[in-house]
């Protein structure tokens, strides 16, 4: 039997406040035991809410709640990233900013590093096999609109997917030859391999 810190939560609060408490509880419990071992009772006890409250907000139960938590984390990540990349004056600058900011954030994410150390299988799954489509989907929704001034949407989506795969791959298996957190190295890579794949950009060396 697992135990989490149990707190009392005011169930008269706004639904968004209760949702935030539930999401925080999921994060706390998952950090302790990993996704697979966490129960709804753990989450309810930590959030200080009843099972009825959780199921009212997430009618599908545990799987729906966990998917909502994962999506929320991705949306927070890309919202923060977008604040750093908006205003780019060219496609090159936009791609460089996206890759550098995302790579830097991952490299400095202590919680993610801890999860990879304590529950590596589940965490790797969220970044690769089981979670990559989710990451690409959210990234596309956030980044593609920023490319409208430079290339058609049909060209933007594949580039966003490639960027996601590259950033995650190089984060999980760093290369001594290329650090995507380095702006100069990333710019050279973008000019050599990403910009030539678009029909709307003339690459100048």
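The values are calculated or read from the model by the stated rules, or taken from the named source; none is laboratory data. Keep in mind the model is a prediction, meaning the values are calculated, not measured. Neighbour counts run over all protein chains shown; Cβ positions are idealised from the backbone, glycine included.
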With criteria (1) at pLDDT below 95; (2) surrounded by 14 or more Cβ atoms within 10 Å (Cβ to Cβ), residue 86 comes up short on (2)
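Could you go through region 172-191 and let me know if any residue there is part of a helix (DSSP H, G or I) and either closer than 30 Å to residue 66 by Cβ or at pLDDT below 95 (or both). Break it down stepwise before answering.
Of the residues in region 172-191, the ones part of a helix (DSSP H, G or I) are 172, 183-191.
Now drop any that are not either closer than 30 Å to residue 66 by Cβ or at pLDDT below 95 (or both), which leaves 172.
Within region 172-191, one or more residues are part of a helix (DSSP H, G or I) and either closer than 30 Å to residue 66 by Cβ or at pLDDT below 95 (or both).
Each row is one residue, and each column tells you yes or no for (1) modelled with pLDDT under 95; (2) outside the structural domain of residue 125 (by TED's automatic domain parsing); (3) under 17 Å from residue 76 (Cβ atoms).
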| site | (1), (2), (3) |
| --- | --- |
| 25 | no, yes, yes |
| 31 | yes, yes, yes |
| 36 | yes, yes, no |
| 47 | no, yes, no |
Mind counting the residues in region 176-188 that are out of contact with any helix residue (DSSP H, G or I) (no Cβ under 7 Å at 6 or more places or on another chain) and either outside the structural domain of residue 102 (by TED's automatic domain parsing) or touching a residue at least 40 places away in the same chain (Cβ under 8 Å) (or both)?
1
Region 95-131: number of residues that are over 14 Å from residue 171 (Cα atoms), in contact (Cβ under 8 Å) with a residue 40 or more places away in the chain and not in a helix (DSSP H, G or I):
2
When you scan region 9-23, do you find a residue that is closer than 22 Å to residue 125 by Cα and modelled with pLDDT of 90 or more, even just one?
yes
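If you take the residues in region 142-159 that are touching a residue at least 40 places away in the same chain (Cβ under 8 Å) and in a helix (DSSP H, G or I), which one is nearest to residue 190 (Cα to Cα)?
Taking region 142-159 and keeping what is touching a residue at least 40 places away in the same chain (Cβ under 8 Å), we get 142-143, 146-147, 150-152, 155, 159.
Within this subset, residues satisfying the condition of being in a helix (DSSP H, G or I) are 142-143, 146-147, 155, 159.
Numbers: 142: 20, 143: 16, 146: 17, 147: 15, 155: 15, 159: 11 Å.
Filtering region 142-159 for residues that are touching a residue at least 40 places away in the same chain (Cβ under 8 Å) and in a helix (DSSP H, G or I), the one nearest to residue 190 (Cα to Cα) comes out as 159.
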Checking residue 106 against (1) more than 20 Å from residue 180 (Cα to Cα); (2) crowded, with 19+ Cβ neighbours inside 10 Å; (3) in contact with a helix residue (DSSP H, G or I) (Cβ under 7 Å, 6 or more places away or on another chain), the condition it does not meet:
(1)
